[in-house]
Amino acid sequence: MKQISLIFFNLAISLIGGYLLSQYIANLPYEMPWFLGSIRFVLHAVGHRELDNPDALEALGIIVLVLVSVIFVGAVVWLCNIGVRRYLSARSANSH
């Protein structure tokens, strides 16, 4: 049960943190994000030219931004978990 709650907690932190990070980045002042050109290139490469319009690109840009933010925060949470486990194992080894 403890393992399931830890997984749920890490997943919740990753999703909420990723969403908040993407909202912060989306609210920064900018003209045209550099990654929209990359999205346009990928759309042409896979043959989905119907999505190459300003409205669809903006929506796809937000989706990519949220996904990258969640993956980034998830990686940070994972690295923090590794650090906490190593710290606790070193601390328990030194206390005996």
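What follows draws every value from the coordinates through simple rules; no lab data is involved. Being a predicted model, the structure only gives us computed values, none of them experimental. Cβ placement follows ideal geometry from the backbone for every residue including glycine, while neighbour counts extend to all protein chains displayed.
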Counting all C-alpha pairs of the range 7-84, share separated by more than 21 Å (%): 40
Positive-end residue, the chain charge dipole about Cα centroid, Cβ charges, pick of Leu67, Gly47, Gly37: Leu67
Mean projected area (nm²) of the alpha-carbon convex hull when the range 5-51 is viewed from all directions: 5.0
Coil-residue chymotrypsin sites (Phe, Trp or Tyr not before Pro) of the chain, DSSP, other Cβ within 10 Å capped at 15: Tyr30, Trp34
Between helix 35-46 and the chain: long-axis angle, C-alpha atoms, 0 to 90°, nearest 10: 70
